[in-house]
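In what follows, a structure is listed as C-alpha cells, so that the remarks can point back to it.
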Amino acid sequence: MKHLISPLDFTTQELDKLFELAADIEKNPATYAHACDGKILATCFYEPSTRTRLSFESAMIRLGGQVIGFSDAGSSSASKGESVSDTIRVISGYADICAMRHPKEGAATVASEKSLIPVINAGDGGHQHPTQTLTDLLTIKNLKGRLDNFTIGLCGDLKFGRTVHSLIHALVRYPGIRFLFISPEELRIPDYIIEELKEHNIPYEEVIRLEDVLPELDLLYMTRVQRERFFNEEDYVRLKDFYILTKAKMELAKDDMLVLHPLPRVNEIDVEVDDDPRASYFRQAQYGVYVRMALIMTLLGLAPQ
Ligand code: CP
C-alpha cells in the first residue's frame with residue numbers, strides 16, 4: 001500500500017506517469033467517469049481549506065466514487081480528544097482512501113503508520129503540501145512544456161510556507177533549476193532546505209527586493225503571508241503587505257514568465273494582474289482536480305498500466 005506524505009514518495013518516473021494520466025483525464029473525462037465506482041474517499045480536514053478539500057471531493061465524484069469527511073476539527077471527535085491514530089483506524093473501516101489536513105507537522109505520517117488505507121497528506125502544519133506540489137508541477141509542465149532548466153523565484157512567506165517547502169523538495173530532482181528566494185529577513189527559507197541545496201550543489205540566492213530579480217525569472221511563485229502561522233498579530237500586520245505584485249512590476253518581467261500562486265491570495269497579487277496572460281494561478285487551481293483524480297486512481301491501484 002502506498003501513501004503520499006512527501007513529494008519524494010513518488011520517483012520522477014512515477015510523476016511522469018501521473019502527469020500523463022492527468023493529461024488524459026483532462027482530454028477524455030468520460031473515459032474515467034466510472035473509474036472509482038463503489039470507492040469512498042474520506043476527507044479529514046482539521047484545518048480550513050477551499051481548493052484542496054473541494055478539488056479532492058470533486059476529483060472523487062468525477063471518478064464515480066463517493067466522499068465522506070469533516071471540514072473542521074470542531075465537528076469531529078478530535079474536539080473530544082481523539083488522537084489522529086485512533087481516527088484513522090476507524091476511518092480505515094469506512095473509506096478506501098483518506099486525504100488529511102492537520103495543523104501539526106507529521107500528523108499525516110502518524111496516520112499512515114496506523115492506516116489500513118492509503119493516506120494522502122493534504123497539508124501538515126508548515127511542513128509539506130505534496131498534492132499542491134503535484135498541481136504546481138503539472139501546471140509548469142503543461143504551460144512551460146518542461147520541468148527542468150529554469151530560474152524560479154519563490155516570494156513571500158518562505159519560512160512557514162509548506163507549499164514552498166514541498167515544491168523545492170520536488171524540483172531539486174530536475175536538472176538546471178536555479179532558485180531565487182525572495183523574502184523579508186523574518187520569513188527566510190529554513191536552514192534545513194538551504195543545507196539540502198548546498199549538499200546537492202544547486203544554485204540559489206536569497207534577496208529581499210522582488211524588483212531586483214524579477215527580470216531574471218522564468219517562473220514566479222508568489223505566496224501569502226499566513227496569519228495563522230504567526231504567534232503575534234503585530235508581526236503579521238508588519239509583514240503582510242511586504243510584497244504586492246502589480247501591473248507596473250509585471251513590466252519588469254519576461255514576456256513568458258509564469259506567475260503561480262497556490263492560493264488563497266490576500267493582497268500579494270493585485271487583482272489587476274489577473275488579466276495578464278502570464279497570470280496562471282486560476283489555471284493552476286483547475287489542474288489540481290486532474291492531478292488529484294490521477295493520484296486517487298494511482299493510490300487505489302486503478303490507474304491504467
Ligand atoms: N492551495 C491550498 O492549499 O488552498 P486551500 O488552503 O484552499 O486548500
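Here ARG53, ARG89 are screened, and the one residue that is surrounded by 14 or more Cβ atoms within 10 Å (Cβ to Cβ), within 16 Å of the ligand (Cβ to nearest atom) and of a type in the set (Lys, Arg) is ARG53. Within the range 154-185, can you find the residues that are more than 16 Å from the ligand (Cβ to nearest atom) and on the phi > 0 side of the Ramachandran plot? Across the range 154-185, the qualifying residue is only GLY176. Close contacts from the range 66-77, counting a first residue that is closer than 17 Å to PRO103 by Cβ and a second that is assigned to a strand (DSSP E or B), with Cβ to Cβ under 6 Å and a gap of 6+ residues or different chains, come to GLY69/ALA42; GLY69/THR43; GLY69/CYS44; SER71/PHE45; SER76/PHE70. Only one of the numbered conditions (1) over 30 Å from ARG53 (Cα atoms); (2) assigned to a helix (DSSP H, G or I); (3) free of Cβ contacts under 8 Å to residues at least 24 places away in the same chain; (4) not aliphatic (A, V, I, L, M) is not met by GLU211, and that is (3). Within the range 72-95, is there a residue that is closer than 24 Å to PRO264 by Cα, under 23 Å from the mean Cα position of the chain (by Cα) and not in a loop (DSSP other than H, G, I, E, B)? Among the residues of the range 72-95, at least one is closer than 24 Å to PRO264 by Cα, under 23 Å from the mean Cα position of the chain (by Cα) and not in a loop (DSSP other than H, G, I, E, B), which makes the answer yes. The residue pairs whose first member lies in the range 262-291 and is within 13 Å of ARG51 (Cα to Cα) and of a type in the set (Gly, Ala, Ser), whose second member is within 13 Å of the ligand (Cβ to nearest atom) and assigned to a loop (DSSP other than H, G, I, E, B), and whose beta carbons are closer than 9 Å, counting only pairs six or more residues apart or on different chains, are ALA285/PRO262; ALA285/LEU263. Within the range 116-142, the set of residues being in a strand (DSSP E or B) and among the small types (Gly, Ala, Ser) comprises ALA122, GLY123. The set of residues in the range 56-70 being in a helix (DSSP H, G or I) and either within 9 Å of the ligand (Cβ to nearest atom) or closer than 18 Å to ILE117 by Cβ (or both) consists of PHE56, GLU57, ALA59, MET60. One residue stands out among those in the range 214-231 that are part of a helix (DSSP H, G or I) and of a type in the set (Asp, Glu): the one that is surrounded by the most Cβ atoms within 10 Å (Cβ to Cβ), which is GLU216. Take the conditions (1) closer than 22 Å to ASN149 by Cβ; (2) assigned to a helix (DSSP H, G or I); (3) modelled with pLDDT of 95 or more; GLU196 misses just one of them, which is (3). Under the condition of being out of contact with any strand residue (DSSP E or B) (no Cβ under 6 Å at 6 or more places or on another chain) and either more than 17 Å from GLU47 (Cα to Cα) or within 16 Å of the ligand (Cβ to nearest atom) (or both), the residues counted in the range 71-84 number 2.
For the range 8-23, the condition of being surrounded by fewer than 20 Cβ atoms within 10 Å (Cβ to Cβ), hydroxyl-bearing (Ser, Thr, Tyr), within 16 Å of the ligand (Cβ to nearest atom) and assigned to a loop (DSSP other than H, G, I, E, B) holds for none of the residues.
Of all residues in the range 96-116, exactly one satisfies the criterion of being under 17 Å from GLU57 (Cβ atoms) and surrounded by fewer than 23 Cβ atoms within 10 Å (Cβ to Cβ), namely ASP96. For the range 187-238, taking the residues that are more than 22 Å from the chain's Cα centre (by Cα) and of a type in the set (S, T, N, Q), the one that is nearest to ILE269 (Cα to Cα) is identified as ASN232.
Restricting the range 254-278 to residues that are closer than 18 Å to GLY156 by Cα and away from the ligand (no atom under 16 Å from the Cβ), the residue that is surrounded by the most Cβ atoms within 10 Å (Cβ to Cβ) is LEU258.
Quick one: is ILE202 assigned to a loop (DSSP other than H, G, I, E, B) and surrounded by fewer than 19 Cβ atoms within 10 Å (Cβ to Cβ)? Here the answer is yes, as ILE202 does meet what is asked. For the range 62-84, the condition holds for at least one residue, the condition being that it is under 28 Å from PRO304 (Cβ atoms) and touching a Lys or Arg at 6+ places or on another chain (Cβ under 7 Å). Please give the number of the condition GLN286 fails out of (1) touching a helix residue (DSSP H, G or I) at 6+ places or on another chain (Cβ under 7 Å); (2) within 16 Å of the ligand (Cβ to nearest atom). Failed condition: (1).
The residue list VAL271, VAL266 contains one member that is in contact with a helix residue (DSSP H, G or I) (Cβ under 9 Å, 6 or more places away or on another chain) and β-branched (Val, Ile, Thr), which is VAL266.
The values are calculated or read from the model by the stated rules, or taken from the named source; none is laboratory data. As the structure is a prediction and not an experimental result, all values here were calculated from the model. Counting neighbours? That spans all protein chains shown, and the Cβs are built from the backbone with ideal geometry, glycine included.
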